[in-house]
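The values are calculated or read from the model by the stated rules, or taken from the named source; none is laboratory data. Please read these numbers as outputs of a predicted model, since none were measured by experiment. Here the Cβ is made from the backbone with ideal geometry for all residues, glycine too, and neighbour counts use every protein chain on show. SASA here: full protein model, heavy atoms, side chains in, ligands and nucleic acids out. Shrake-Rupley method; radii C 1.70, N 1.55, O 1.52, S 1.80 Å.
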Amino acid sequence: ATKLDEALDWAMSREDQNTRALVVVYRGKIIGERYAEGFTKDTPQISWSQGKSITAALVGVLAERGEITLDEPAPIAEWHGARDRRRNIRVRDLMNMSSGLDFKNYGLGGSDSWSASNEHFRIYFDGINVFEHVTNQPYEIEPASEFRYRNSDPLTLGRIVREKVEAGGGNYLRFPQEALFDRIGARNFVLETDAWGNFIMTGYDYGSAWDWARFGLLHLWDGVFEGDRILAEGWVKFVRTPAPGDPSRGYGGLFWLNRGGCEAEWQAIHR
């Protein structure tokens, strides 16, 4: 306990970091936690691309229900014309950030950063329908051939989730809470939408330290939480398997795998 306290105190005191919450879980129990001034275990905090993992989990919920499979063509109506090469993009390719869509990511800091041509970041700075923005992009390279960190792929999956839920008579805005968060005891997630009611789960998502700990345990426990199977069997194995198009083996199914290193992640986002 003394060593753990020392480690937690050291982590929270580092001046080169901006740590606001730190929770240590062992065998399903919290054994240590620290919070910066003004933050608690229940404070929803901006989580940025961790929202991509929420999208992955929601697709996993639909897979558990038998409503979607990894190897089916992505059910985007506009992509299924007779001569539209996007018809070959699978759900698996979107999960692996390997759709091959022509979707520019100019990062932040360059001359094109704040222009409409920076499609990856435009979803944060422009008043657009994010689902239309991402699914209206053209084909560029063969699906599954190259991993490219692009908001197009998780947001396309977000549209698929919305259409599946609404086609079944469900309430899309309540779906994440009812189908996922409630079932793991998470009470403080906040997911923001665009003006058309589409969740922007590539950046505008908030979660508390305890809620993220529960989300982590769901995956540590192979998609089962306290006896309740929430994610399809084998789903966690898939999201932690390196994407075929990523030579660094650092990215899986909308999850960073900590195999490519932080520098690799930084370069992927900002290149």
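Answer with yes or no whether G216 is surrounded by fewer than 22 Cβ atoms within 10 Å (Cβ to Cβ) and within 22 Å of T135 (Cα to Cα). Considered against the rule, which asks whether it is surrounded by fewer than 22 Cβ atoms within 10 Å (Cβ to Cβ) and within 22 Å of T135 (Cα to Cα), G216 comes out as no. Restricting to the stretch 106-125, name every residue that is of a type outside the set (G, A, S) and more than 17 Å from the chain's Cα centre (by Cα). Across the stretch 106-125, the qualifying residues are Y106, L108, D112, W114, N118, E119, R122, F125. Being of a type in the set (D, E, K, R) and in contact (Cβ under 8 Å) with a residue 60 or more places away in the chain is the filter; apply it to the stretch 46-91 and report the residue that is nearest to G223 (Cα to Cα). If we take residues in the stretch 46-91 being of a type in the set (D, E, K, R) and in contact (Cβ under 8 Å) with a residue 60 or more places away in the chain, then E64 is nearest to G223 (Cα to Cα).
Within the set P138, P143, the sole residue that is touching a helix residue (DSSP H, G or I) at 6+ places or on another chain (Cβ under 9 Å), loosely packed, with under 15 Cβ neighbours inside 10 Å and modelled with pLDDT of 95 or more turns out to be P138.
Residue-level check: of (1) part of a helix (DSSP H, G or I); (2) open to solvent by 20 Å² or more (accessible area, probe 1.4 Å); (3) not charged (D, E, K, R), W196 misses just (1).
If you go through the stretch 147-166 one residue at a time, do you hit one that is assigned to a loop (DSSP other than H, G, I, E, B) and open to solvent by 40 Å² or more (accessible area, probe 1.4 Å)? Scanning the stretch 147-166 turns up no residue that is assigned to a loop (DSSP other than H, G, I, E, B) and open to solvent by 40 Å² or more (accessible area, probe 1.4 Å). The set of residues in the stretch 19-39 that are at negative phi and free of Cβ contacts under 8 Å to residues at least 12 places away in the same chain comprises Y26, K29, E37. Residues in the stretch 184-210 that are acidic (D, E) and without any contact (Cβ under 8 Å) to a residue 60 or more places away in the chain: E192 alone.
Of the residues examined, R83 is not one that is open to solvent by 40 Å² or more (accessible area, probe 1.4 Å) and under 19 Å from the mean Cα position of the chain (by Cα). Residues in the stretch 167-183 that are touching a residue at least 12 places away in the same chain (Cβ under 8 Å) and open to solvent by 50 Å² or more (accessible area, probe 1.4 Å): 4 in all. So, in the stretch 1-46, of the ones that are among the hydrophobic types (A, V, I, L, M, F, W, C) and part of a helix (DSSP H, G or I), which residue ends up most open to solvent (accessible area, probe 1.4 Å)? Filtering the stretch 1-46 for residues that are among the hydrophobic types (A, V, I, L, M, F, W, C) and part of a helix (DSSP H, G or I), the one most open to solvent (accessible area, probe 1.4 Å) comes out as W10.
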